[in-house]
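Note sheet for the following structure.
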Amino acid sequence: MKVKIYWEKNNKNSLSLLTKINNILEDLWLNSFIEIENTYDEALKNELNITKEPALIIIEESIDFKDIIFEWIIPSDDELKSMFISIIWWGNNWASCDWTSSGCSSCSGC
C-alpha cells in the first residue's frame with residue numbers, strides 16, 4: 001500500500017500532514033508496511049481531480065485502488081489512526097485485538 005501526499009508548494013500544512021502520517025504509521029507499527037511519499041504528479045492530480053492541497057491519496061496496486069481520502073484538511077491523529085486501522089485487514093484475529101497507544105497488545109495476528 002502507498003500513501004501519497006499531493007502538494008505543489010512546500011507549505012506548512014503539507015509538511016505537517018507528512019510528519020503526522022509518518023508518526024502515526026510508526027505508532028501503529030505500519031511504517032515498514034505502508035510506503036509514504038510526497039508528490040507533484042500533474043497526471044495524478046488530473047486523474048483524481050485534485051482541486052486543493054494537500055491531498056492524502058491511498059493507492060493499493062494489488063486491487064487497482066486509488067483515491068483521495070482527505071483534501072485540503074489536516075485530519076486529527078485519531079481520524080488518521082482509525083483510517084489506517086480500518087483499511088488494514090487483520091484476518092480472524094481482528095476481533096480480539098486490544099489496541100493501545102503502542103499498538104495491538106493482545107493478538108498474534110497484528
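Computed values, structure above
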| quantity | calculated |
| --- | --- |
| 13 Å beta-carbon shell around residue 34, net charge (K/R +1, D/E -1) | -3 |
| Whole-Hz ³J(HN,Hα) from phi, Karplus 6.51 cos²θ - 1.76 cosθ + 1.60, for the range 31-41, glycine and proline x | 5, 8, 9, 10, 8, 10, 7, 9, 8, 10, 8 |
| Proximal charge balance of residue 8 [Cβ under 10 Å; K/R count +1, D/E count -1] | 0 |
| Kirkwood estimate for the range 1-95, i.e. one over the average of 1/r between Cα atoms, Å | 13.8 |
| Karplus (6.51, -1.76, 1.60) ³J(HN,Hα), θ = phi - 60°, over the range 20-26, in Hz, Gly and Pro reported as x | 4, 5, 4, 5, 5, 4, 5 |
| Residues with amide H under 5 Å from that of residue 70, placed H, sequence gap 5 or more | 56 |
| Net +/- balance of residues flanking residue 51 in space, Cβ distance below 10 Å, scoring K and R +1, D and E -1 | 0 |
| Derived scalar couplings ³J(HN,Hα) [the range 74-81; Karplus, 6.51 cos²θ - 1.76 cosθ + 1.60; whole Hz; x for Gly, Pro] | 10, x, 5, 4, 5, 4, 5, 4 |
| Selection of GluC sites (Glu not before Pro), the range 1-63, meeting DSSP coil and at most 16 other Cβ within 10 Å | 8 |
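A short reminder: the numbers here are calculations on the coordinates, not readings from a lab. These numbers were taken from a predicted model, which means no experiment stands behind them. A quick note on method: Cβ atoms are made from the backbone with ideal geometry, for glycine too, and the neighbour counts reach across all protein chains shown.
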